[in-house]
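Novice: Sharing a structure with you now.
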Amino acid sequence: MVFKKIAAKYKYLLENHPGKTKVTQGGILVGVGDFLAQTLVEGRTFKDNTYDKLRTLRFASCAFFVITPMTRTWVDLILPKVFTLRMYRNLNK
């Protein structure tokens, strides 16, 4: 039940605010990915103060401000204008 509410809210945000939603999602996913890499792969912990919070912040910020907006612009705005559905159909013949 909770998952349905979260999915419905995400769908609403994606339909009504696609750019903001995708950029925020990209930053969060990259931050979570770096957290998992540091804790599970590299064995860093908060207890012994080896976890690098600044690294996670830098990495997530890079994704939030640079990578995700660029890929979102390319995939959602530019590619559909360059490769129309008609062109795609002609390639499959």
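The values are calculated or read from the model by the stated rules, or taken from the named source; none is laboratory data. The shown structure was predicted, so the numbers you read here are calculated from the model rather than taken from an experiment. Because the Cβ atoms are built from the backbone with ideal geometry, glycine has one as well, and the counts that use them run over all protein chains shown. The accessibility values were calculated without ligands, DNA or RNA, using every heavy atom of the protein model including side chains. Shrake-Rupley method; radii C 1.70, N 1.55, O 1.52, S 1.80 Å.
Novice: Only one of these is more than 20 Å from HIS17 (Cα to Cα) and either at pLDDT below 90 or of a type outside the set (D, E, K, R) (or both): THR73, THR84. Name it. Show your work before the answer.
Specialist: Numbers: THR73 fails: more than 20 Å from HIS17 (Cα to Cα).
Sole residue among the options that is more than 20 Å from HIS17 (Cα to Cα) and either at pLDDT below 90 or of a type outside the set (D, E, K, R) (or both): THR84.
Novice: Out of the residues in region 3-15 that are open to solvent by 80 Å² or more (accessible area, probe 1.4 Å) and not charged (D, E, K, R), state the one that is farthest from the chain's Cα centre (by Cα). Give the steps one after another, and end with the answer.
Specialist: Initially, region 3-15 is screened for residues open to solvent by 80 Å² or more (accessible area, probe 1.4 Å), giving 3-6, 9-12, 15.
Filter once more, keeping what is not charged (D, E, K, R): 3, 6, 10, 12.
On the way: PHE3: 19, ILE6: 17, TYR10: 13, TYR12: 17 Å.
Selected residue: PHE3.
Novice: Taking region 16-49 on its own, how many of its residues are in contact with a helix residue (DSSP H, G or I) (Cβ under 8 Å, 6 or more places away or on another chain), open to solvent by 90 Å² or more (accessible area, probe 1.4 Å) and among the aliphatic types (A, V, I, L, M)?
Specialist: Residues meeting the conditions: 2.
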